1. For the chain, what class follows from the C-alpha gyration tensor (a ≥ b ≥ c being the square roots of its eigenvalues): rounded when a/c is under 1.5, otherwise prolate if a/b is larger than b/c, else oblate?
2. Could the peptides 173-184, 256-267, 232-243, 114-125 be put in order, highest first, of the mean number of other beta-carbon atoms found within 10 Å of their residues?
3. Quick one: what are the phi-derived ³J(HN,Hα) couplings along the range 328-334, Karplus 6.51/-1.76/1.60 with θ = phi - 60°, whole Hz, x for glycine and proline?
4. Starting from 0.36 nm per residue, how many nanometres of slack lie between residue 328 and residue 264 once their C-alpha separation is accounted for?
5. Going by the alpha-carbon gyration tensor, a ≥ b ≥ c the square roots of its eigenvalues, is the range 92-239 rounded (a/c under 1.5) or, if a/c is not under 1.5, prolate (a/b greater than b/c) versus oblate?
6. Return the long-range amide H neighbours of residue 44 (sequence gap of 5 or more, or a different chain), with a cut-off of under 5 Å between placed amide H atoms.
7. Quick check: residue separation of residue 165 and residue 225 times 0.36 nm, minus the Cα distance between them. What number comes out in nm?
8. If you count only protein heavy atoms with a 1.4 Å probe, what accessible area per residue comes out for the range 78-217, rounded to a whole Å²?
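The values are calculated or read from the model by the stated rules, or taken from the named source; none is laboratory data. Fair warning: this is a prediction, and the values are worked out from it, not measured in the lab. Glycine also receives a Cβ, built like all others from the backbone with ideal geometry; neighbour counts cover every protein chain displayed. Ligands, DNA and RNA are excluded from the accessible area calculation, which covers all protein heavy atoms including side chains. Shrake-Rupley method; radii C 1.70, N 1.55, O 1.52, S 1.80 Å.
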Amino acid sequence: MFKFPLLIIAIILGFLLIVGITLLPALFMNPEMDESAPVLPEGGIGGKAIVSPEVRRYEPLVRKYAEKYGVEGYTELLLAKMQQESGGRGGDPMQASESLGLPPNTITNPAVSIEAGVRYFSQVLKKAERDISLTLQAFNFGTGFIDYAFKRGGYSKEVAAAFSQKKAKELGWSGYGDINYVDNVLRYFEGSLEISPGSPNSYGFIKPIQAEITSRFGVRFDPFTGVPTNHYGVDFGCKGQPLPIYAARNGKIQQAGWQNQGNHSEGFGQRIYIDHGGGLVTVYAHLAQILVQPGQTVQAGQKIGTCGTTGSSTGEHLHLELHENGRKVNPEGRIF
């Protein structure tokens, strides 16, 4: 007499087991990205999302997971993205199913969707080296677009269109993705896309540029001669982007301008020296643009210039030095 109910229970349990086996790994894995959840440096962008009440109600959840994955400063941008994706409706408001390798709208729990979407955003943002437009377009196209764009000078709508045509041809589709995705998200966002620096560390310093290190302090092979020489600073690669450079700490501009006005290919090119007091001076070299003048007082996080390749340089980068009582010391551990 109990066979029929037991059979029903067995069928239900079997179904739940299959669903669990199918979905659970996907919730913790991404076919395009590594499994680690990057914790990015502090910072973000200023601005406000212009979104519907349906989207705004998710702000606490978006902020919670943005803080967890190191992108709290991008909460408003993430809300604008949600407005474009779903308008805050449905069980997958962040449209994160596909980023997990699942069919569209497989996720039916908004909290799961938001965590997965924010986590993926943090990974794409890191891979795109915090280029906001590139990050947004890669969220739509997939992370393969990032390397494609970097090889072509960075994001542009023309690069996005070329990538879309290439992928559509490869897949035999009539179209691929939304080449206007960046504009479509940003119509719901008001404010600057320029990355702001994080809070000062215990030494009063902030990281002066949001970029990856390409050459560290110490002995290295000189890029011009190939001979081992001392490198008295840390280099950050800019990949052709005019990334903003910030004062690493409060101080006064000691020098600002060309190392040699008569030869712009010499030495540091355009450079800035900031005296922070107590025998500490920071140096920012190879700049494309200088926004301060000698004698000017600056605050930690104030934009002082943009990344470039002036002077004796092999490509766009920031060469950062820290001088302590006239001696060049390793900036790592003190500044960042």
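1. Numbers: a/c = 2.31, a/b = 2.11, b/c = 1.10.
Prolate.
2. 114-125, 232-243, 173-184, 256-267
3. So the Karplus estimates, Gly and Pro as x, are 7, 10, 5, x, 5, x, 9 Hz.
4. Length gained between residue 328 and residue 264: 20.7 nm.
5. The shape class here is prolate.
6. 196
7. Once the chain is fully extended between residue 165 and residue 225, it gains 17.3 nm.
8. Each residue of the range 78-217 exposes 42 Å² on average to a 1.4 Å probe.
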